[in-house]
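Encoded as structure tokens, the structure appears first; notes follow it.
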Amino acid sequence: RAAARSGPSNASGGPDRAFIPMAGPVDLDRAKPIANLAAGALFGEASCINHQRRSATVRASAEETIVIEMTRNFLDVLSRNRDFRSELDRIYIKRGVHNHLRASNLFKEVGDAFLKHLAERSTLVRFRPGDVICRQDEPADAFYVIRIGHVKVEMEQGGQSVILRYMAQSHSFGEIGLLLEPFKRSTTCTA
């Protein structure tokens, strides 16, 4: 059984949404923020992977409830297996990306069906520290949401590189280049 943590009404999904997006296989109705998880449901992986606080409290609702607990270290070891990693990525795209888009002010006017469609067509891309994600003046071809890590944003001005800011997990970038002519990157973003 999952129940949402108390907090501001717009913390997850905005006040105009009828649900609270969860990092699990169910979303919670704002009017009654309690749901049951089915046998075999995987939950809690997003908090483990992203080093974030839990999005809900989960309690056993029946006697003899058995839950298999995997610690972060165990999850890291399992993630080295390509098939397991692919399944975790699939779950993250289905839940995490979709929930991030639903909670974003950028997409608050967009219908849930379209956001689900967008999330299902997203891909996970991994970068090592120092890798350039996108370079200033190159054609814009993607919108990014930071799953884990940090991104340095810099701009070339007068022959010198100026650091504008650092972005952390759950921040997004790249939408301006996709929306405004000349459809080029205005900054260089590096992992």
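The values are calculated or read from the model by the stated rules, or taken from the named source; none is laboratory data. Predicted model only: the values in this text are computed from it and were never measured. Backbone-built Cβ (ideal geometry, glycine too); neighbour counts: all protein chains shown.
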Quick check on segment 48-77: of everything there that is in a helix (DSSP H, G or I) and among the β-branched types (Val, Ile, Thr), which residue is modelled with the lowest pLDDT? Ile49
Flag if Arg80 is outside any strand (DSSP E or B), farther than 25 Å from Phe173 by Cα and at pLDDT 75 or above: yes
What number goes with the only condition from (1) exposed (fewer than 14 other Cβ atoms within 10 Å of the Cβ); (2) at pLDDT below 80; (3) more than 24 Å from Tyr144 (Cβ to Cβ) that Arg1 does not pass? (1)
Name every residue in segment 144-168 that is surrounded by 15 or more Cβ atoms within 10 Å (Cβ to Cβ) and modelled with pLDDT under 90, in order of residue number. Val145, Ile146, Arg147
For Ala103, the lone unmet condition from (1) aliphatic (A, V, I, L, M); (2) touching a strand residue (DSSP E or B) at 6+ places or on another chain (Cβ under 8 Å); (3) at pLDDT below 80 is (2)
